[in-house]
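What follows is calculated from the coordinates using simple rules that are stated; it is not laboratory data. Bear in mind that the values here come from a model prediction, so they are computed numbers and not experimental data. Cβ coordinates were reconstructed from backbone atoms using ideal geometry, including for glycine residues, and neighbour counts include every protein chain displayed.
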Amino acid sequence: MSDPEPNGVRLIVPQLSRLYSGLHDFVETLLRVVAGVALVTHGVGKIGDPFGSAGMVESLGFYPGAFWSLMLSLTEFVGGILIAIGFLTRPASFAAWIVLLVTVWFHWVTLNQGYQGAEKSILWAAIFFYFVIRGGNRHSVDAKIGKAF
């Protein structure tokens with residue numbers, strides 16, 4: 001009988017155990033990098049005009065708009081870079097998670113689009129929440145410096 005997986009489940013095809021365990025850290029790192037780069041992509045347009053979203057954030061009830069627009073720009077652009085490289089992974093992911101929860105509310109409730117409108121934001125929020133809890137893993141700047149939140 002094969003050795004159980006870390007969660008105690010035995011694989012139907014035990015020969016896959018080495019593949020799964022060998023790729024675990026790589027796949028987790030890939031997910032973190034892709035999520036961070038995707039966040040940077042959203043923030044790159046905002047960072048050039050960090051106060052440009054002031055009206056939009058005020059329409060969502062966040063006052064003063066200039067402050068929250070700046071925070072949104074920094075969270076997406078700088079936070080995305082931090083997540084991608086795995087530095088301050090948990091706080092940067094927490095900030096991104098909050099932004100994504102706001103976008104879930106915006107699409108689901110404010111725009112009345114329901115689940116279909118909020119689906120992408122829900123998925124991205126789940127990914128960032130994963131990194132809030134998990135951190136950056138051994139392939140991160142956090143691990144290289146030996147300190148993390």
| query | Who wins for biggest fluctuation among Ile83, Ile12, Ile127 in a Gaussian network model of the chain, springs between alpha carbons below 10 Å? | reply | Ile12
| task | Describe numerically, in nm with one decimal, the distance between label points set 7 Å from Cα along Cα→Cβ at Arg18 and at Ala143. | result | 2.1
| said: Along the Cα→Cβ direction, 7 angstrom out, place labels at Val109 and Phe51. What is the inter-label distance in nm? | reply: 2.9
| note | Net charge near Gly86 (other residues with Cβ under 15 Å of its Cβ; Lys, Arg +1; Asp, Glu -1) is +3
| field | Whole-Å distance, taken between Cα centres, linking the range 72-121 and the range 1-60 | value | 13
| task | Quote the convex hull volume per residue of the range 74-149, based on C-alpha atoms, as a whole number of Å³. | result | 74
| Under 13 Å, Cβ to Cβ, from Phe26 - net charge with Lys/Arg +1 and Asp/Glu -1 | 0
| Using the Cβ atoms and a cut-off under 12 Å, what net charge is assigned to the surroundings of Ala66, where Lys and Arg are +1 and Asp and Glu are -1? | -2
| message | From the alpha carbon gyration tensor of the chain, can you work out the equivalent ellipsoid semi-axes (sqrt of 5 times each eigenvalue) and give them in Å, largest to smallest? | response | 34, 19, 11
